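For reference, the structure discussed in these notes is given below.
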Amino acid sequence: MSFVAVATVGGGLLAAGAQKKAAKTAANAQTEAAQLGIDEQRRQFDKVQELLSPYVDAGNAGLSGQLALAGLSGPEAEQAAIDRITSGGQYNTLVEQGENAMLQNASATGGLRGGNTQGALAQFRPQILNQLIDQQYGRLGGLAGMGQASAAGVGAAAQSAGNNITGLYGQQGAAAGGQARAAGQ
């Protein structure tokens, strides 16, 4: 009878050792799989951030341009933004064509030296500048909006990746806990 008792105890110890080894192997496999998931989540987030980076950068530039045109970056930045418009090809072309058209019309109608022509010429450049400032502000607003949407997309991707990684860390913790329980038994 003592032989049977020794065999039963010995068999139980062997089974417990095998169970402990199997629990450790399973926990390691689960931990490794979760780590692979974490690494992939991070890789995908980095890729999303890389893909949206040019749009975020353009949005930052658009917002900076709007702030300059609105005078919110200081008078020097505002003047520099206006100077970029007045030295641009579009402004110069519009002014040249518009003034030539007014002068040709005044010449053809005999009003070249008249007050109306002089008044129209005096108002023309500021009107063109005002229109181009409004257009530029709108274009910059489009860039700023695109950048804001892209930044929000990066934020959403970061939040999603963070939630997924948190879940995977939980799986790693559960695997380690399961291993510890199996070793304790």
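Is it true that residue 117 is open to solvent by 70 Å² or more (accessible area, probe 1.4 Å) and of a type in the set (Val, Ile, Thr)?
Judged against the criteria, residue 117 is not a match.
So, residue 128, is that one touching a residue at least 12 places away in the same chain (Cβ under 8 Å) and under 30 Å from residue 167 (Cβ atoms) or not?
It is false that residue 128 is touching a residue at least 12 places away in the same chain (Cβ under 8 Å) and under 30 Å from residue 167 (Cβ atoms).
For residues in segment 81-104 being surrounded by 13 or more Cβ atoms within 10 Å (Cβ to Cβ) and either under 24 Å from the mean Cα position of the chain (by Cα) or hydrophobic (A, V, I, L, M, F, W, C) (or both), which is farthest from residue 135 (Cα to Cα)?
103
Under 9 Å between Cβ atoms, at least 6 apart or on separate chains: pull out the pairs that start in segment 16-39 with a residue that is closer than 16 Å to residue 182 by Cα and end on any residue that is at pLDDT 85 or above and open to solvent by 70 Å² or more (accessible area, probe 1.4 Å).
Matching pairs, first to second residue: 30/171; 31/171.
Which of the residues that make up segment 140-159 are in contact (Cβ under 8 Å) with a residue 24 or more places away in the chain, of a type outside the set (A, V, I, L, M) and open to solvent by 50 Å² or more (accessible area, probe 1.4 Å)?
Selection gives 148 alone.
Just to be sure, is residue 72 farther than 30 Å from residue 164 by Cβ and either in contact with a strand residue (DSSP E or B) (Cβ under 7 Å, 6 or more places away or on another chain) or surrounded by 13 or more Cβ atoms within 10 Å (Cβ to Cβ) (or both)?
No: the conditions fail for residue 72.
The values are calculated or read from the model by the stated rules, or taken from the named source; none is laboratory data. In this text, all values refer to a predicted model and were calculated from it rather than measured experimentally. Heads up, the Cβs are rebuilt from the backbone with ideal geometry, glycines too, and the neighbour counts pull from every protein chain shown. All accessible areas refer to the heavy atoms of the entire protein, side chains included, with ligands and DNA or RNA removed. Shrake-Rupley method; radii C 1.70, N 1.55, O 1.52, S 1.80 Å.
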